[in-house]
Every structure is written in C-alpha cells, then in structure tokens.
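J.: Quick one: the structure is below, and I'll ask about it shortly.
The values are calculated or read from the model by the stated rules, or taken from the named source; none is laboratory data. Small disclaimer: the values here were computed from a predicted structure and weren't measured. Virtual Cβ from ideal backbone geometry, glycine too; neighbours counted across all protein chains shown. With ligands, DNA and RNA removed, areas are computed over all heavy atoms of the protein, side chains included. Shrake-Rupley method; radii C 1.70, N 1.55, O 1.52, S 1.80 Å.
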Amino acid sequence: FENAEIRMPRMSMKGAPTYHVVPLSIQALAIFKKMHPLTGHGRYVFPQSNDPSKTISSNTITKALRTVGYTGEEMTTHGNRTIASTLLNESGEWRPDVIERQLAHHEEDEVRGTSPDRQRTRQPVARQ
C-alpha cells in the first residue's frame, strides 16, 4: 500500500493484462493496517476461512449484511457501487465518465447516472 492504491488485474479485450487502479484514502489505509494482524501476510484482506488463498465470496458478504439486519430489498453487495455512483453523480463534483471508470464500469453499464481524476476522488469522498 506504499502508493495508497490497490491494483486489480483484469484482461483487456486484446488479451493483455491491464489494471483497475483504486486509490485509497487515509481512512481506508488505516483500516487495512488494522486488518493486517488479523489476516496475516496473505494476499487478501478478507480471505476465505477454509482456503486463505481465495477471497471471500459475495455470498459471504450477503450473509453478513443479513446478519446485521439488512434485507435483500434494503442492501445487496453490488448495491454499494450503485449508492456510490448515485451520490457522486448527484454531487456534481466529478465528471460522470470519471466516476464510472473509478467504479470499473464501462460506458454501456446501466448503473451510470443512477448509481476526476483518481487522485482527486481519493480523499474528498472519504471525508463525507
């Protein structure tokens, strides 16, 4: 986390690996540092309990949401991305195309409009 970002590999249309870069706020970095003693030196912040070489599934996150009281109509795992897109678009502070790139959406995604540069979005959003 030296560069205050996470790089997630993905394959480009031509088969070459590219990366989706997620800038991290000061608060996010602090959370990751607190998680490190709990998750060890593995690759993932939230590894599977039975196989630390794999990340937890969306079903695990869904179960956690239900455990704390959210219903399927109130919150879903993908719903967090929709909420972020909506709030950022409604704020008028960032261009819609930058927001969608930050969320790793493509132009044709339905989330756009309903749901800056990456360095600029890192800290202001975390303060809100």
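J.: Going by the structure shown, is Ile99 in contact with a helix residue (DSSP H, G or I) (Cβ under 7 Å, 6 or more places away or on another chain), open to solvent by less than 90 Å² (accessible area, probe 1.4 Å) and either outside any helix (DSSP H, G or I) or modelled with pLDDT of 55 or more (or both)?
T.: Yes; evaluated as a whole, the condition is true for this residue.
J.: Further, regarding this structure: Among the numbered conditions (1) over 24 Å from Pro9 (Cβ atoms); (2) modelled with pLDDT of 80 or more; (3) surrounded by 11 or more Cβ atoms within 10 Å (Cβ to Cβ), tell me where Gln123 comes up short.
T.: Exception for Gln123: condition (2).
J.: Identify, by number, the condition in (1) surrounded by 12 or more Cβ atoms within 10 Å (Cβ to Cβ); (2) outside any loop (DSSP other than H, G, I, E, B); (3) aliphatic (A, V, I, L, M) that Ala30 doesn't meet.
T.: Condition not satisfied by Ala30: (1).
J.: Do you know which of the residues in region 38-88 that are within 26 Å of Glu100 (Cβ to Cβ), part of a loop (DSSP other than H, G, I, E, B) and touching a strand residue (DSSP E or B) at 6+ places or on another chain (Cβ under 8 Å) is least open to solvent (accessible area, probe 1.4 Å)?
T.: Looking at the filtered set, the residue picked out is Ile56.
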